[in-house]
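Below: one structure, written as structure tokens.
Just so it is clear, none of the values below were taken in a lab; they were calculated from the coordinates. Just so it is clear, the model here is predicted, and its values are computed rather than measured. Using ideal geometry, Cβ is built from the backbone for each residue, glycine included, and neighbour counts are taken over all protein chains shown.
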Amino acid sequence: MRLRLFNAPAHPPSPVAGDGLLVRMPEPGDYPAWRQLREESTSFLKPWEPRWPADDLTRTGFRRRLLRYRRDAAENTAYTYFLFAKGSGELLGGLSLSNIRMGAARTCSLGYWMGERYAGRGHMRKAVELMLPEMFGAMGLERIEAGCIPGNMRSIRLLEAIGFRQEGIMRGYLEIDGRRQDHILFAMLRQDFETLTRSVRPNAAKIGA
């Protein structure tokens, strides 16, 4: 049984809801809201992301994204989610679990983005906290990594508030906004998560449960 778990592929985290939020995989019908939010947040997001393709905000570009998301999910290498306000259905941002490695590693890289008008309200912290039980549960991960540019204080504060620990500097880690940039490496282990949640009542519920 331990051998089967060790070699098993990652299972995609279920959609989750809690704290007024809904986290689920993107759908074709999300395009208008996604385009509007990304377009109005362009100057806010571009300094922290890889350079956008010329047709990134077009419907064709969105379809290409969805195809890649589905291919990654089918191959168990990455899962991408959108974050919505549960009551109004407004799209707030998104998060991704990429570079998934099972076997001896059983780890992934956490990424996220938030529309400018919704930033600083605690939505992403709640979303990540909602997903953590799925990542350490159904996915069977033992370690979650996250990297951020040293000057991105908003992201650093977010990771620290959730309970991620700083481990070091990854030199020239990713090409962001057209140039290679160093990143601070943060990580949370299963044991860290269990320690943090031992006395906290879970507030997430699977959709349909």
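Points to keep in mind about this one:
- Here the label points at E39 and D177, each 7 Å from Cα along the C-beta direction, are separated by 2.3 nm in the simple model.
- For segment 99-144, taking Cα atoms only, Rg and Dmax work out to 12.8, 41 Å respectively.
- Helical contribution to [θ] at 222 nm, DSSP H n ≥ 4, -39,500 (n - 2.57), averaged over the chain, rounded to 500: -9500 deg cm²/dmol
- Paramagnetic label zone (point 7 Å from Cα along Cα-to-C-beta, R24; backbone N under 12 Å) in segment 77-117: 82-87, 89-90
- Euclidean distance of C-alpha centroids, segment 25-59 and segment 142-199, integer Å: 23
- Computed extension length for E90-K46: 13.7 nm, one decimal, from 0.36 nm per residue of separation with the Cα-Cα distance subtracted.
- Summarising the strand pairing of segment 92-167, around 70 percent of its internal DSSP beta bridges are antiparallel.
- Relative contact order (percent, whole number), the chain, Cα cutoff 8 Å, 6+ residue spacing: 24
- Long-range amide H partners of K86 with built H, under 5 Å: L21, L22
- Comparing M124, M139, M153 in a Gaussian network model of the chain where C-alpha atoms under 10 Å apart are linked, the largest mean-square fluctuation is found at M153.
- Convex hull volume of segment 2-206 per residue (C-alpha atoms, cubic angstrom): 125
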